[in-house]
Amino acid sequence: MTAATRPTTTMKRPTPPSKWPHTIGLLVSLAVVILAVWLVDANWIRLADLPASIGNYVVLMGEGLTHNPLEVPWSEYWVLATQRMLESIQMAWIGTLIGAVLSLPLGFLAARTVSPAGVVFVTRQFLNAVRALPEIILAIVLIMPIFGLGPLTGALALGIGSIGTLGKLTAEAIESIDPGPVEAALAAGARPVQRMRWAILPQALPEIVAFWLYRFEINIRASAVLGVIGAGGIGSLLSQLFNRREWEQIGITLVVIILVTIAVDSISGAVRARIISGGGRKLAARERRDEASAIV
Amino acid sequence: MTSTAAPTRGPEASARPRKPAPSWALWAGIIAAAAVTVWSALGIEFTLVPFFTDATRGWFVIQEFFAPNWGFIFQVGNAWLETLSIAVLASLIGCLLGLIAAMMASKVTLANPVAHQAVKWVLSVIRSIPDIGWAFLMVAFVGVGSLAGILALVMFNIGIIAKLTSESIDAVDPGPIEAADASGANGLQRARWSVYPQVLPNFLSYSLYVFELNIRASIVIGLAGAGGIGNVLLVQLGRFAWENVSAIFIATFVVVLAVDLASQAIRRRIA
C-alpha cells in the first residue's frame, strides 16, 4: 500500500508466499477437533461442578496434612507413602538399568555408521515395535504370567519398555560422533570391536548416560501406572486409597510423590548437566529435541 | 585432574602424554550408582529364577495370545474413536494452556522474577504427579467417563509442553525482542510478535509429540475409569480373556504406528 506513493517503480515487491497450505492445515485441524467433540461422549455439564468439587476435595486432602505427622495414624501414613515411593524408585532404577544394558548393543546395531544396512533396518523396526507398545501391555502379557505380581515384574516391564527409546537415541548419538577418532583407530589397525570400544564409545557415552538418566525420571512416573495393575510401588497405594476414597491419606501420599519426584528430578538433572557439559559437544537445541524424544 | 605436567624428556622426544586420571566425581558417581543398584535390587527382590522355572506358564499365555479374536478389534471400534477423540481434545487444550504457562514461566516474556519462578514451581508440581495420578483425581472430581480422561490428559500435557517450550523460549534470538521493545511493545505484544513466531515451529513439533504420547496415555487413564480403550482393556483383563486382550494389543500397535507415522510426516514439514 505504501509502495504506491514511492517514485521507484522498478523495485517490485516480492509476491507473498502462498497461504493455501497454512489455511488447509488449519481447516483440517478444525475439522478433526469438531469431529472429536462430536464423537466423544463427555459429560461436559460436569465441568461446571469442577471448581466446587476441586475446592471440596482439596480441603479434605489438606486436612491430612494439618495433622501432626508424628502422631500415630498419621505418621504411619507418611512412612507408608515414603516406603512405596522408594519402592517405585527401585523399580524404575532396575528397569532403567535393564533397558540400558540391553539397548547399548542394539544401539550399535541400529547405527548406520557402524552396522550394515540390512541389520540397521531390522534393528530399527524392532526398536519401533517396542516403542509402540505401552509398558503396561508388556507387563501384562509377557512378564506377569512368569514372574507373578510384584515390583520385580514392574522393573522388567519398564526395562523392556525402555529399550525402544534408549536404543533409538543411542543409535543417533553414535551416528553423530566425530569420525576423526574412528579413522585414527582404523589407521592404527583396530578391529571393529576395538574401534567401537576406543573410538566410538568414549565419544557417545556421555550423551548415552544422559539419556539413561532421562529415562530413569520417566520410568519413575511410568512405574505408578504398573503399580495400578498390581506391580507394587506408589501406584498400588494410590489405587487402593482412591478406591477407599481416603482423602486425608491421599493428600499425604500426593505430597510425598511431589516432593520425592522433584528431588529425584533435580538430582538427576544436575548430574545430567554435568555429564553433558563435560562432554562439551552438545547444543542446547539438540538436547531439547532429544529430551522430547526421550519422553516418547 | 587432566595432566598438565610436562614430560621429563625434552620436547623433541615424542613422549607419550600421561594418561588423564579419572576425576573424583566420576568415581563418586560410579560408587553411588552401584550403591543405588544394590539397594534397589534388594528392595524389589530381583531374581531371574522364575524365568527358567516358570517360563512354561508364560508360554501358555503367549500361545493364547497368538490366537487373537479378530472380530473383537472391530467390536471395540467405538472405544477407539473415543480414545482418539480424548487424545485430540486433550492435546489441543493442554498445548494451548501449556503455551501460555510456558510464556509465563520464562523470564524473557515475564520479567517479574517472583512471578515466573512461581509459575515454574507450579509447573514442576503438575509434572511430578504421574498421569495415572491425574486420572484418579479427575475421576474423583468429575466422575467416571471421558471428561475425566480429557482433564487428566490436559494436566499431563500442560506439564510436558510447558517444560519443553519454556526452554525454547529461554533460547530465542534476542534481536526481535529488542526490536519489539524499541517500538514500544508491551509485554503481551512482545510475547505475541517477537517470541511466539520464533518458538512456533518447536511448539508445534512438541505438540505432535504430546499427541502421540496421549494415545498411549489414554490406555493408562482408562485403568482409572477415565474412558476409552483402557476401560475395555481392564474389563477383558479381569476376565482373563487373552484372545480379546491380544486383539486390543494388535489394534494398539496399528493405531500408535499410524499416528506416529502421520505425526512424523507433519513434523518433518514443520521443522
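Annotations
- Listed peptides A:220-226, A:50-56 appear in the order A:220-226, A:50-56 once ranked by packing, highest mean of other Cβ atoms within 10 Å at the front.
- Inter-chain neighbour count for B:162-173: the average number of beta-carbon atoms from partner chains within 10 Å of each residue's beta-carbon is 2.
- For region B:1-151, the square roots of the Cα gyration tensor eigenvalues, ordered a ≥ b ≥ c, give a/c of at least 1.5 with a/b no greater than b/c, which places it in the oblate category.
- Cα-based equivalent ellipsoid, chain B: semi-axes from gyration tensor eigenvalues, Å: 42, 35, 19
- Listed by chain and number, the lysines placed with their C-alpha closer than 20 angstrom to that of B:K163 are A:K282, B:K107, B:K120; residues fewer than eight positions away on the same chain are left out.
- Span-rule helices in chain B, defined as complete DSSP H runs reaching 27 Å or more along the axis (Cα) with Kyte mean at least -0.5: B:24-43, B:77-104, B:146-170, B:196-223, B:242-270
- Cα-based equivalent ellipsoid, chain A: semi-axes from gyration tensor eigenvalues, Å: 41, 35, 20
- Summed over qualifying helices (DSSP H, 4 residues or more, each -39500 (n - 2.57)) and divided by its residue number, the protein assembly as shown shows a 222 nm mean residue ellipticity of -24500 deg cm²/dmol.
- The orientation-averaged projection of the convex hull spanning the C-alpha atoms of region A:37-154 amounts to 13.8 square nanometres.
- Cut-off under 5 Å, modelled amide H: who pairs with B:G228 long-range: none
- Two-decimal Rg/Rh across the protein assembly as shown, once Rg and the Kirkwood Rh are taken from alpha-carbon atoms: 1.00
- Normalised Debye scattering of region B:163-234 at q = 0.21, 0.22, 0.23, 0.28 Å⁻¹ gives log10 I(q)/I(0) of -0.84, -0.88, -0.92, -1.12, counting only Cα atoms as equal scatterers and leaving out solvent.
- Cα point-scatterer Debye curve for region B:94-182, base-10 log of I(q)/I(0) at q = 0.15, 0.16, 0.18 Å⁻¹: -0.60, -0.66, -0.77
- Globularity ratio of region A:129-216, using Cα Rg and 2.2 N^0.38 Å: 1.44
- Mean partner shielding of peptide A:92-99, defined as the number of other chain Cβ atoms within 10 Å of each residue Cβ, is 3.
- ³J(HN,Hα) computed for each position of region A:99-105 - Karplus, 6.51 cos²θ - 1.76 cosθ + 1.60, integer Hz, glycine/proline x: x, 5, 4, 6, 7, 4, x
- The phi torsions of region A:208-218, fed into the Karplus equation with coefficients 6.51, -1.76 and 1.60 and a -60° offset, translate into couplings of 5, 5, 4, 5, 4, 5, 3, 5, 4, 4, 5 Hz, rounded to whole numbers, with Gly and Pro shown as x.
- Calculated log₁₀ intensity ratio I(q)/I(0) where the Debye formula runs over C-alpha points of region A:10-91, q = 0.20 Å⁻¹: -0.99
Only the coordinates and a few stated rules stand behind these numbers; no lab work does. All figures in this text were calculated on a predicted structure; none of them were measured in a lab. No Cβ is skipped: glycine too gets one built from the backbone with ideal geometry, and neighbour counts run over all protein chains shown.
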